[in-house]
Structures are given as structure tokens and as C-alpha cells.
Amino acid sequence: MTASPALKVTDLCKSFSGITAANNINVEAADGDIIGIIGANGAGKTVFVNMITGYLKPTSGKIEFHGQDITGIEPRDATHVGVCRSFQVSQVFMTMTVRENLLIALAIAKDEGKAMLSSPRSPDLVAEADRMMQAYKIHDHADAVASTLSQGVRKLLDIAMAVVANPKVLLLDEPTSGVSVEEKFAIMDIVIAALKEKGVTVLFVEHDMEIVERYVDRVLAFYQGEVICDAPPAEALQDPKVIEYVIGHDHAPNPTPPADAASAAANGTESNA
Amino acid sequence: MLQILRSDKTVRWTLFGFFVLAIAGNFMPTWVQNNLMFGMARGLAVLGLMVLWRTGLISFGHALYFGIGAYAVALADKHFGVSDIFVRLILAMGAAGFVGLCLGFILRKYRSIFFAMLSLAFSMVLYGVLVKVEALGSTDGFSVSATSILGWTPESKYTLFCAIIVACATSACMVQYYLKTGLGALTTAIRDNELRVEYLGYSVAKAIHFKYIISAALAGASGAMMAMALGQVDPDSMVNWTVSGELVFITVMAGPGSVIAPFIGGVVFEFLRTYAFELAPHAWQLIVGGTLLAIIFFLPMGLWSLLERIWVRKGSSS
């Protein structure tokens, strides 16, 4: 089964009482692909992510992971299979420290939960948590309670917790939203470096075209529940449909895009900055 | 497992505290001994409620398991002459745990007020059945014969007092161990963020179900101890919603801070009620309720937080 793609989505549809949120989506991703998902608010990006990770059940269509049908499975089963995700709003354990957050994640990931019957503070789990914190550069905050962290650190923790289960396919829902401009590239550098090393297939939703240009191999552009473009970034960001419906004419990339235009595009606003 | 328990400070203090209490009990007047027994026995059920509360769940129906435990002892006594404390406890915990296992399949889908009210509904079903059915003792209930230990029937109640203390100490240590495991750590994790727990790959429903069975079995043991200490079971003092109310009352009063807290809470409640009744036989609930209000206002994390505060102050001044 080595020939089958890491993720294959066929004719995926989702409608909410008559409103179509996803319409005939067809996507394939190979091992190690890094794919950016772009689109205006309400274009169906998060619905797409939610369907693949089992949070929403598709109305019709098929999702395959290395040839295995994973359409409509439970989120925890998606995790067991190797499809994990992070969230637009970080979903971490707010009253626990960064280390405790990771220890719980590790204990669950170990031996299909058998580790749950002993203390998660065992030396090897603690060592592994420390390694994770090093890789994601959050070790300075190891003993800080999650609710006191900055958005950027919390995002990194959120992503680190998604990676603990050793996913083959990782979906990141706006990894840089709510994060300061200076932190954005730092976060993506850390995350992409850590994931590339493991050969994980990454699909991430992103509003910032600079980030898309810099990190992805391929762009999926969404508009009204449909994929209107599936191409490498250089090509996709020049696509007239993508410019029309996603980026906006005012913010179409020039050879040297001004920084404020990019960030305005990131906010999904049509106003001139 | 032993390694964790041996290195745990709470466990050491629990064992020490219960040991001192067991010795001291020998020199106490009977009414104090009785109050301590009742308080400790209730504390067992409260310990179970605390495990649920740490997940953010409050059950207003644990009198169901309390009652099942008590009636298991009484019925086994009446029909089969079972008087051995171990058999009685195993029967009570087994019956309560089994019912907890069954109802858990329904209750694990609910949270907050829905969880609380649905548990209340189940407990009132049992109450209704007990009151109506003659074979189950109806409103009068049954008397329970004296408890024996491996064939020996002690004359004074001090032996039962010690047995209750041993059971409480064992339960406290086991729950402490449970809270230290990954499964126990999930307690707080689920309260914080169920979605994340699911996406980490663990079933929240399963974890809650497990907790629910633990709390049911503990409430069963609690009811059994109470039946043995009182020598009597009846629906109104074992299964009525007021019993569930008392258990929740003690849980809130004691606070979720430690596995010792439920027992302190149980004993304080028993003495509070005795004195309130002495002081105002017709308005004792007013005094008890007022005390809880004061505790909620001034000690939102319960009596245990007061002890912690004293502890910290002592530690910093010396």
C-alpha cells in the first residue's frame, strides 16, 4: 500500500440545514507534503479540517488515510490512526503547567493508554516532555500555568500536544492567528523544522500570504466551500480567481509586497491599510 | 504502586492521623465515638463525590449508592444471616459498583446540571421502590444485627470504630494513588478541556465512567458502614434526596483539596449537627445552612483550605 497517498479526499460534501459548507472537495496529499489552506472567512477551511479529524461528519464523500477509509470516525480514533490537529483557539489544559500538559498527552499516547495506570511523572515521560519542550522552544515556560502564557507560547504548546501522538498527517488550524507579527515567523520556523524532520504531512490554514509563500509546497484555495485552486504557491497566488476571491485585488502580491498589505490580507479585511 | 504510596506525604499523614484517632477513640465517650464513626462513614461517600467534583461533576443522587450499600448489608443479614464485615463490605461495594457501572452508560453523556438532576432522579426511583415494597422493609426498613469479624463478634462498638477507620484509611490511600496516576491526572484535564482529551486519543466518556464507578463503590461502602454503625436501615435516612443533599453539603464544606478533607468534613458535619440540634431542636437546619454559607463566602475552597492556610503560615513563621 505504499503507493496510496497519505491523505486522499474524494467528493467531500457537508451541508448544514441547506447551507453548503463544503462542496465536492477532492484533495490528495503525499507523505511529507506541506500544504497551505487559504480562503476568506466562511470559505469552508475549518469545516474541511474538522471533517478530516472527525469533529464533523461529512454529508457525503470519502476520506482515506494511506488507503484506509477514515470517513466520519471519532476524533480519538483519528488520533490513533495518525491524523492529529491543532486548533484556531489553543485547546490546552489551562490550570496545568506546560510540563503537566505534555505529560498527560504523552501518558495517553504511550502504549494505547496503558501508561495511564501509573504515574505520568515517570522519569522517561518527563525526559520526553523536556525533549518536546526543547524542540518547540517552550522549555523556559515549563513550570508556568497555561493560562498565564502568551498566545504564541500557548499556540506552540497546542501544536506540541498534537504532535505527541506521532501523527502522519497533521492539520493546523491557523497556527499563527492571534500571534504578534514578530512571533509568527518564529513559530512557523520552529514548527515546520520539527515536523519536516519527522516527514509529517502538514496541512495548515493560514491567512498570512507571506507565511504561505515561505513555507508551503502547495496551496489549496477555498471559496464558498469549494477548492478553486490547487497549485504551488507561486502559481496559486497569481491565479486570477484566487486574487479575486481570496486575496483581493488591492493585496495581490507584487515582487516586493509591503508589510502592512500582507497583514491586512491576513486579517481578511478588504480595506486599504 | 507501593513506591508511589511510600513517598507520598499525604498518604503518610493520612495513615498517621487515622492511627492516632484509632488509639484516641478508645478513651472517648460513646457519643463522641458514635459521631466520629458516622462522620467517617459518610466521609467515604464524600471521597467519591470529591473525585467526581474534581472533574467538575456534582451528583445529587449518591444516596442511591449509599442506600444500595446499606440495604445490601441489611438484606444479606435478613435472608442469609451474613454478619461478617468483609463479606458485608464486598457485597455493598459490589452491588453499588455494579449499579454504577450500568447507570454510568447513561450518565457519562451528561454534564453539569443535567448530570446532577439525572442522578437525583435515579436515586428517587430507588427511594420510591423501597417505600412501596413490603419485602424491602417499606418505610420502616430493617434492623441490622451486630457485625462480626472472621467469626468473632466483639462486644463493644470500638472494634467497628477501628474497622471503619481502617476502611477509611485504605480508601483514602487508594484514591490518592488513583489521583497520582495518568487516569487521575485526567480528572483535572477533563474539567479543563474535554475536546483536547478526545483529540489526544482518550475517551472522556470512559474516564468519567470509571470515576463514576469508583464513587458509586465508595458510596456503597459508606452506606454499609453506616448501616453497621446505626444497626438500622430505612429509606428516609439512607436513600431520600436529603441524604444526597447532605453528602453534597459535606463535599462543598470540606473542599476538593485533599483525600483527607472528606473525612474532616464528615466529622465536622456530624458534630455541627449534634450541637445545632442541641441548641435549636426546631431550627437546627438554619444553623447548619448558615455555617455552609459562611464557609462558601469565606473559604470557597472549603475547610481544607483553612488547614492549608494555617499550615503555610506555620511553615513560613518557623
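Before moving on, here are some points about what is shown:
- Screening the candidates B:THR181, B:THR188 for the property of being closer than 30 Å to A:ASN50 by Cα, β-branched (Val, Ile, Thr) and either within 12 Å of chain A (Cβ to nearest Cβ) or over 16 Å from the mean Cα position of the chain (by Cα) (or both) yields one hit, B:THR188.
- Qualifying residue in region A:131-147 (condition: more than 20 Å from A:VAL205 (Cβ to Cβ) and at the interface with another protein chain (Cβ under 10 Å from one of its Cβ atoms)): yes
- Of the residues making up region A:103-129, those that are at the interface with chain B (Cβ under 9 Å from one of its Cβ atoms) and charged (D, E, K, R) are A:LYS110, A:GLU112, A:ARG121.
- Taking each residue of region B:191-205 that is closer than 15 Å to B:GLY56 by Cα and more than 7 Å from chain A (Cβ to nearest Cβ) and looking for partners that are of a type in the set (S, T, N, Q) and not in a helix (DSSP H, G or I) with beta-carbon atoms closer than 7 Å, six or more apart or interchain, yields B:ARG191/B:THR55.
- Qualifying residue in region A:198-212 (condition: in a strand (DSSP E or B), of a type in the set (D, E, K, R) and farther than 27 Å from A:ARG76 by Cβ): no
- Residues located in region B:180-217, provided they are out of contact with any His (no Cβ under 9 Å at 6 or more places or on another chain) and polar (S, T, N, Q): B:THR181, B:THR187, B:THR188, B:ASN193
- Residue match in region B:253-263 (condition: at pLDDT below 90, buried (at least 24 other Cβ atoms within 10 Å of the Cβ) and touching a Pro at 6+ places or on another chain (Cβ under 7 Å)): yes
- Residues in region A:161-171 that are closer than 27 Å to A:MET209 by Cα and either in contact with a Lys or Arg (Cβ under 7 Å, 6 or more places away or on another chain) or within 12 Å of chain B (Cβ to nearest Cβ) (or both): A:MET161, A:ALA162, A:VAL163, A:PRO167, A:LEU170, A:LEU171.
- Residue match in region A:88-102 (condition: touching a strand residue (DSSP E or B) at 6+ places or on another chain (Cβ under 6 Å) and either outside any helix (DSSP H, G or I) or more than 12 Å from chain B (Cβ to nearest Cβ) (or both)): yes
- Filtering region A:107-134 to residues that are within 26 Å of the chain's Cα centre (by Cα) and modelled with pLDDT under 80 leaves A:LYS110, A:ASP111, A:GLU112, A:GLY113.
- Among the residues making up region B:107-163, those that are under 16 Å from B:TYR65 (Cα atoms) and loosely packed, with under 15 Cβ neighbours inside 10 Å are B:MET117, B:ALA121, B:VAL125, B:GLY128, B:VAL129.
- Members of region B:1-60 found to be under 19 Å from the mean Cα position of the chain (by Cα) and outside any helix (DSSP H, G or I), listed by number: B:ARG54, B:THR55, B:GLY56, B:LEU57, B:ILE58, B:SER59, B:PHE60
- Residue match in region B:276-292 (condition: without any contact (Cβ under 8 Å) to a residue 40 or more places away in the chain, closer than 15 Å to B:GLY43 by Cβ and surrounded by fewer than 24 Cβ atoms within 10 Å (Cβ to Cβ)): no
- Qualifying residue in region A:71-79 (condition: more than 14 Å from every other protein chain (Cβ to nearest Cβ) and either at pLDDT 85 or above or crowded, with 19+ Cβ neighbours inside 10 Å (or both)): no
- Condition broken by A:PRO175, with the remaining ones in (1) of a type outside the set (A, V, I, L, M); (2) more than 12 Å from the chain's Cα centre (by Cα); (3) assigned to a loop (DSSP other than H, G, I, E, B) satisfied: (2)
- With respect to the conditions (1) more than 22 Å from A:ALA231 (Cβ to Cβ); (2) out of contact with any Phe, Trp or Tyr (no Cβ under 6 Å at 6 or more places or on another chain); (3) of a type outside the set (A, V, I, L, M, F, W, C), A:PRO75 falls short on a single one, namely (2).
- Residues in region A:1-30 that are closer than 20 Å to A:VAL83 by Cα, over 21 Å from the mean Cα position of the chain (by Cα) and of a type in the set (S, T, N, Q): A:THR2, A:SER4.
- Enumeration of residues in region B:139-165 that are free of Cβ contacts under 8 Å to residues at least 60 places away in the same chain and out of contact with any strand residue (DSSP E or B) (no Cβ under 9 Å at 6 or more places or on another chain): B:TRP152, B:GLU155, B:SER156
The values are calculated or read from the model by the stated rules, or taken from the named source; none is laboratory data. As the structure is a computational prediction, the values presented were derived from the model and not from experiment. Don't worry about glycine lacking a Cβ; one is built from the backbone with ideal geometry, like all the others, and counts go over all protein chains shown.
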